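**Q** To start, I am sharing the structure in question, which I have written as structure tokens.
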Amino acid sequence: MQNIEHPRTIKSFVLRQSRVTKGQGEALSALWPVFGLEKAETPLDFPTVFGRDAPVTLEIGFGNGDSLAQMAQADPERDFLGIEVHTPGVGHLLKLVGEQGLQNLRVMNTDAVEILQQRIAPASLDLVQLFFPDPWHKTRHHKRRIVQPDFVALIASRLRIGGVFHMATDWENYAQQMAQVLKTSPDFYNLAENPPYSARPATRPLTKFEHRGLNLGHGVWDLLYTRVDKNHL
């Protein structure tokens, strides 16, 4: 597999200590062997992982997994891979997988950038979702934001031509940065009717956090871009 090397000296996330509940722990013990994927240096073969050949959506940083489980349940013809660094969130999602009998969802508990580099084959993804990443709102911390040119190039290399990169944030300053970074990428074309922002697609569920923010008058910005063949523009 052709690999793209991107040194990761600056982490875009902080591992916050939080307790795994009894239910999450039981789900991790019982369901991780079935639905969890470990770190490795070999690329994932999605037809083998899911037992079929179907479009694959990757979600980076799924939080507690409520919306990802909802998407997987709503679209059984699509396969979903969620990556999250916080173990309680992974446990919560696995609990939902068990309760809802979801067969089209797999999870990883690690750094998504390392997985993209090491375990995701080029042009193997149909959709990449990045919803409400850490905004690192202080200016001096903006360099820690995950949406940077190298990261966008890595995402592009793992998406098929015509695949979609969907981002969402409730920080307008970060939305502006996302739009600027994607605007300079030769690999993506903005799908918005009135760029740079798109209306929220019905496929992205509203989270409880987002509902609360909207009720308080906070904005949310969705950005959708399609992967283009820059050699045939």
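**Q** Of all residues in the stretch 201-214 being over 16 Å from the mean Cα position of the chain (by Cα) and not acidic (Asp, Glu), which is modelled with the highest pLDDT?
**A** To start, the set of residues in the stretch 201-214 that are over 16 Å from the mean Cα position of the chain (by Cα) comprises 202, 208-214.
Narrowing further to those that are not acidic (Asp, Glu): 202, 208-209, 211-214.
Values: Ala202: 94, Lys208: 77, Phe209: 75, His211: 82, Arg212: 80, Gly213: 77, Leu214: 82.
Across the stretch 201-214, the extreme among qualifying residues is Ala202.
**Q** Considering every residue within the stretch 163-176, establish whether at least one is in contact with a Phe, Trp or Tyr (Cβ under 7 Å, 6 or more places away or on another chain), open to solvent by 40 Å² or more (accessible area, probe 1.4 Å) and in contact (Cβ under 8 Å) with a residue 24 or more places away in the chain.
**A** yes
**Q** For the stretch 8-22, check the following and say yes or no: at least one residue is modelled with pLDDT under 95, in contact with a helix residue (DSSP H, G or I) (Cβ under 7 Å, 6 or more places away or on another chain) and open to solvent by less than 20 Å² (accessible area, probe 1.4 Å).
**A** yes
**Q** With the requirement that a residue be farther than 25 Å from Val152 by Cα and either not aromatic (Phe, Trp, Tyr) or not in a helix (DSSP H, G or I) (or both), what does the stretch 45-58 give you? Step through it out loud before you land on a result.
**A** We begin by selecting, within the stretch 45-58, every residue farther than 25 Å from Val152 by Cα; these are 47-53.
Of everything in the stretch 45-58, those that are farther than 25 Å from Val152 by Cα and either not aromatic (Phe, Trp, Tyr) or not in a helix (DSSP H, G or I) (or both) turn out to be Pro47, Thr48, Val49, Gly51, Arg52, Asp53.
**Q** Only one of Thr110, Thr42 is hydroxyl-bearing (Ser, Thr, Tyr) and more than 15 Å from the chain's Cα centre (by Cα); which?
**A** On the way: Thr110 fails: more than 15 Å from the chain's Cα centre (by Cα).
Matching residue, one of Thr110, Thr42: Thr42.
**Q** Look at Arg160 and say whether it is farther than 25 Å from Arg19 by Cβ, touching a strand residue (DSSP E or B) at 6+ places or on another chain (Cβ under 9 Å), of a type in the set (Lys, Arg) and open to solvent by less than 50 Å² (accessible area, probe 1.4 Å). Before you say what the answer is, go through the steps one by one.
**A** On the way: farther than 25 Å from Arg19 by Cβ: yes; touching a strand residue (DSSP E or B) at 6+ places or on another chain (Cβ under 9 Å): yes; of a type in the set (Lys, Arg): yes; open to solvent by less than 50 Å² (accessible area, probe 1.4 Å): no.
Criteria not met by Arg160.
**Q** Which of the residues that make up the stretch 45-56 are of a type outside the set (D, E, K, R) and over 17 Å from Val90 (Cβ atoms)? Reasoning before the result, please.
**A** Of the residues in the stretch 45-56, the ones of a type outside the set (D, E, K, R) are 46-51, 54-56.
Those that are of a type outside the set (D, E, K, R) and over 17 Å from Val90 (Cβ atoms): Phe46, Pro47, Thr48, Phe50, Gly51, Ala54, Pro55, Val56.
**Q** Take Thr57 and tell me if it is farther than 23 Å from Pro195 by Cα and at pLDDT below 95. Let's see the steps before the verdict.
**A** On the way: farther than 23 Å from Pro195 by Cα: yes; at pLDDT below 95: no.
So Thr57 fails the test.
**Q** Given (1) open to solvent by less than 50 Å² (accessible area, probe 1.4 Å); (2) under 22 Å from Gly65 (Cα atoms); (3) part of a loop (DSSP other than H, G, I, E, B), identify the lone condition not met by Ala202.
**A** Here Ala202 meets the rest and fails (1).
**Q** I'd like the residue in the stretch 212-232 that is without any contact (Cβ under 8 Å) to a residue 40 or more places away in the chain and open to solvent by 70 Å² or more (accessible area, probe 1.4 Å) and, out of all such residues, is nearest to Ala202 (Cα to Cα). Before the answer, list the steps.
**A** Just the residues of the stretch 212-232 that are without any contact (Cβ under 8 Å) to a residue 40 or more places away in the chain, to begin with: 212, 214-217, 231-232.
Okay, now just the ones that are also open to solvent by 70 Å² or more (accessible area, probe 1.4 Å), so 212, 214-216, 231-232.
Working: Arg212: 18, Leu214: 16, Asn215: 19, Leu216: 21, Asn231: 32, His232: 31 Å.
Once the filter is applied, the top-ranked residue is Leu214.
**Q** May I ask you to verify whether Thr87 is over 21 Å from Lys208 (Cβ atoms), polar (S, T, N, Q) and out of contact with any His (no Cβ under 6 Å at 6 or more places or on another chain)? Show your work before the answer.
**A** Values: over 21 Å from Lys208 (Cβ atoms): no; polar (S, T, N, Q): yes; out of contact with any His (no Cβ under 6 Å at 6 or more places or on another chain): yes.
For Thr87, the condition - over 21 Å from Lys208 (Cβ atoms), polar (S, T, N, Q) and out of contact with any His (no Cβ under 6 Å at 6 or more places or on another chain) - is not met.
The values are calculated or read from the model by the stated rules, or taken from the named source; none is laboratory data. Predicted model, so just to flag it, every value in this text is computed and none were measured. In this analysis, Cβ positions are derived from the backbone assuming ideal geometry, glycine residues included, and neighbour counts consider all displayed protein chains. These area figures cover heavy atoms from the full protein model, side chains too; ligands, DNA and RNA do not enter into them. Shrake-Rupley method; radii C 1.70, N 1.55, O 1.52, S 1.80 Å.
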